[in-house]
Amino acid sequence: VRQVFERELIQSESFTTSADAAWLGIEVKEQDGAVVVTDVVDGSPAKRAGVARGDVVESIGQQPVRSTLDYLRRIVEARPREPFPLALRRGKDAIAVSPRPISRTNAITVASIGAELEEVGLDDDANLVRAATVAFYRDSGLRRYPPLPAVLRITDVQPDSPAASIGLKQGDVMLAVFGNTMFGEREYPVTSLQRFAKLLQDRRGKNLKIAILRGDDDLVGTIDVKK
């Protein structure tokens with residue numbers, strides 16, 4: 001039971017835990033009495049911080065790491081966007097890094113299009129949500145419409161990613177996605193990070209037409225979704 005439990009939580013591509021759980025993008029295993037990094041996902045917080053395959057995890061914060069269970073205890077307590085101090089041993093060199101984990105939901109968006117997003121509700125930024133609502137309904141012909149419950153704002157775009165290739169920038173709002181129906185093309189608002197991540201998973205290896213709000217401008221483009 002312990003082996004299965006640890007394997008499911010340690011795997012960097014396992015999303016069996018909470019969608020809001022912290023994700024670093026590394027896999028580890030016990031080897032010769034040490035906890036060794038066996039894989040680092042490209043574009044992940046760990047990769048960007050300089051963690052490499054073969055590094056030995058000696059401690060996290062002030063807590064020594066002697067087993068994968070020690071590592072799991074620390075990663076379960078981690079919070080997205082908060083520094084996660086790692087003391088590593090690489091050969092004879094001691095290395096200290098502090099990657100900032102992202103949520104497992106954002107791990108999907110990073111793997112799919114190379115962008116991190118945050119869900120912004122009315123309580124967080126009412127002006128932004130209202131502006132996005134007006135932009136979404138601008139050509140609908142409706143005189144009254146309810147405010148969107150939330151919007152997705154891009155917080156980071158990775159170089160050489162699908163998001164970067166079509167010019168997406170930090171601060172852009174993911175306004176809508178387009179889908180085909182029996183009545184033609186239809187525009188759907190993007191108001192949930194988890195639902196958007198699920199959509200990206202469903203569109204793997206295909207493309208997705210999106211609408212972006214940048215300041216007062218509505219921009220439309222098509223983004224490739226990685227396999």
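The values are calculated or read from the model by the stated rules, or taken from the named source; none is laboratory data. Since the model is a prediction, treat every value here as computed from it, not as a measurement. Glycine gets a Cβ as well: all are built from the backbone with ideal geometry, and neighbour counts include every protein chain shown. Note: accessible area is taken over every heavy atom of the protein model, side chains too, but ligands, DNA and RNA are not part of it. Shrake-Rupley method; radii C 1.70, N 1.55, O 1.52, S 1.80 Å.
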| field | Single residue of the stretch 111-133 satisfying the filter (touching a Leu at 6+ places or on another chain (Cβ under 8 Å) and hydrophobic (A, V, I, L, M, F, W, C)) that is surrounded by the fewest Cβ atoms within 10 Å (Cβ to Cβ) | value | Ala131
| said: Which condition from (1) out of contact with any strand residue (DSSP E or B) (no Cβ under 8 Å at 6 or more places or on another chain); (2) surrounded by fewer than 20 Cβ atoms within 10 Å (Cβ to Cβ); (3) closer than 30 Å to Asp160 by Cα is the one that Ile108 breaks? | reply: (2)
| query | Of the conditions (1) open to solvent by 40 Å² or more (accessible area, probe 1.4 Å); (2) of a type in the set (A, V, I, L, M, F, W, C); (3) touching a helix residue (DSSP H, G or I) at 6+ places or on another chain (Cβ under 7 Å), Ile102 fails just one. Which one is it? | reply | (1)
| Just to be sure, is Val120 within 28 Å of Lys206 (Cα to Cα), modelled with pLDDT of 95 or more and not in a helix (DSSP H, G or I)? | yes
| Which of (1) at pLDDT 85 or above; (2) buried (at least 16 other Cβ atoms within 10 Å of the Cβ); (3) of a type in the set (Val, Ile, Thr) does Ile10 not meet, given it meets every other one? | (1)
| Tabulated pairs, the stretch 158-187, first at positive phi, second aliphatic (A, V, I, L, M) and surrounded by 13 or more Cβ atoms within 10 Å (Cβ to Cβ), C-beta under 7 angstrom, 6+ apart or interchain | Gly171/Ile154
| request: Determine if the stretch 185-200 includes at least one residue that is within 19 Å of Asp124 (Cα to Cα), open to solvent by 70 Å² or more (accessible area, probe 1.4 Å) and outside any helix (DSSP H, G or I). | output: no
| request: Name the single residue, out of those in the stretch 203-216 being open to solvent by less than 90 Å² (accessible area, probe 1.4 Å) and among the charged types (D, E, K, R), that is nearest to Pro149 (Cα to Cα). | output: Arg214
| field | Evaluation of Phe136 against (1) outside any helix (DSSP H, G or I); (2) over 20 Å from the mean Cα position of the chain (by Cα); (3) crowded, with 17+ Cβ neighbours inside 10 Å; (4) of a type outside the set (Val, Ile, Thr) (one fails), failing number | value | (1)
| task | Might you check whether a residue that is closer than 20 Å to Lys198 by Cα, crowded, with 16+ Cβ neighbours inside 10 Å and at pLDDT 90 or above occurs anywhere in the stretch 58-75? | result | no
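Within the stretch 166-183, can you find the residues that are outside any strand (DSSP E or B) and either surrounded by fewer than 15 Cβ atoms within 10 Å (Cβ to Cβ) or modelled with pLDDT under 95 (or both)? Give the derivation first.
Residues of the stretch 166-183 that are outside any strand (DSSP E or B), as a first pass: 166-172, 182-183.
Gly167, Lys169, Gln170, Gly171, Met182, Phe183 - these are the residues of the stretch 166-183 that are outside any strand (DSSP E or B) and either surrounded by fewer than 15 Cβ atoms within 10 Å (Cβ to Cβ) or modelled with pLDDT under 95 (or both).
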| task | Output the number of the condition that Ser44 fails; it satisfies all remaining conditions of (1) open to solvent by 10 Å² or more (accessible area, probe 1.4 Å); (2) under 29 Å from Ile212 (Cβ atoms). | result | (1)
| query | For Ala46, which of the numbered conditions (1) in contact with a Leu (Cβ under 6 Å, 6 or more places away or on another chain); (2) part of a loop (DSSP other than H, G, I, E, B); (3) not acidic (Asp, Glu) fails to hold? | reply | (2)
